[in-house]
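Beneath this line is the structure, given in structure tokens, with notes to follow.
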Amino acid sequence: MRTRPLMTLRLSTASPQGIGSVPHGTRITFPIIGGSFEGERLRGKVLPGGGDWVIKRADGVLELDLRITLEIDDGALVHMTFEGIRNDGAPGAPYFRTLPRFETTDARYSFLNRLLAVGTGEISADGPVHRIEEIL
Amino acid sequence: MDSRLLMTMQVAVGGAQKIGAVPHGSRVIATIAGGHFEGPLLRGRVLPGGGDWTLLRGDGVLELDLRITLETDDGALIHLASFGLRHGPPEAIAALARGESVDPAAYYFRTTPRFETGHPKYAFLNRLLAVASGDRRADGPIYTIAEIL
């Protein structure tokens, strides 16, 4: 699989909201209050107001369901979502991968509407960091 | 991004159900008549009965939403659901629509399969993400599916 770097995304989260035990597992919602992203083709900030709707499954794996709005430094808005999984018990090293998707109306960034991407996540002291690559 | 081959999967398309113009684009459902898959860790057949709920968007991109059931050669059932995108130069897309063979490098056909199974031998599939490259043939697509490492 060939890929090309798209951006590094850093997220700031507020205190998680523990919804608790629900039919599919344990639900925890992480409000996103800001962040930044940077890549060769786009950079800017994460607007407050999104979130990651996380379910911890019975097998211990976290399922991620993120929705945020990106604001590029030239003012374009990009709707971003990802599904993902985080398995801290994976053999060897934690497995934290996501499948981001983008929507924008700005013609300069319409390439985002037509690509699939893969992110590799990690939890830093300041919050989650995702290295996102375009699938070529 | 490191990845490793999970399987190649050939899907046989049955009929096309043309729903037509819907709020998000033009909806065509391709029913799945069968198929087979093979990889280092699993092999078997695609059960008839699934489908690909395709949506042609206003910007010319085809969104794919495939749901099928795999049956491994030792009897495990695996639910596969994948979202994907297909688009390319008008001449390549037109040739595909005519059922012609087109070099898969000439257009973008990528999907992100997710798996669910209750069979312990294949439980690793519940815990991985994957990416597939598609090659649209007249009788159905061939997917090369790689696990994202």
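The values are calculated or read from the model by the stated rules, or taken from the named source; none is laboratory data. These numbers were taken from a predicted model, which means no experiment stands behind them. Cβ coordinates were reconstructed from backbone atoms using ideal geometry, including for glycine residues, and neighbour counts include every protein chain displayed.
Assorted remarks:
- When B:Phe83 is tested against the conditions (1) surrounded by fewer than 18 Cβ atoms within 10 Å (Cβ to Cβ); (2) touching a helix residue (DSSP H, G or I) at 6+ places or on another chain (Cβ under 8 Å); (3) within 13 Å of chain A (Cβ to nearest Cβ), the lone failure is (2).
- Within the range B:100-117, one or more residues are surrounded by fewer than 18 Cβ atoms within 10 Å (Cβ to Cβ) and in contact with a Pro (Cβ under 8 Å, 6 or more places away or on another chain).
- The residue that is nearest to B:Phe83 (Cα to Cα), counting only those in the range B:93-149 that are small (Gly, Ala, Ser) and at pLDDT below 95, is B:Gly140.
- Considered as a group, the residues in the range A:123-136 that are within 11 Å of chain B (Cβ to nearest Cβ) and either of a type in the set (D, E, K, R) or within 14 Å of the chain's Cα centre (by Cα) (or both) include one that is surrounded by the fewest Cβ atoms within 10 Å (Cβ to Cβ), and that residue is A:Arg131.
- Enumerated strands (runs of 3 or more DSSP E) restricted to the range A:1-106, each holding at least 3 residues that are crowded, with 19+ Cβ neighbours inside 10 Å: A:3-13, A:25-38, A:50-56, A:62-72, A:77-87, A:95-103
- The range A:107-122 - residue that is more than 20 Å from B:Tyr107 (Cα to Cα) and surrounded by 13 or more Cβ atoms within 10 Å (Cβ to Cβ) and, of those, farthest from the other protein chains (Cβ to nearest Cβ): A:Gly121
- Meets criteria (at positive phi, modelled with pLDDT under 95 and small (Gly, Ala, Ser)) for B:Gly49: yes
- Once the range B:47-87 is narrowed to residues that are basic (Lys, Arg) and in a strand (DSSP E or B), the residue that is farthest from B:Gln10 (Cα to Cα) is B:Arg86.
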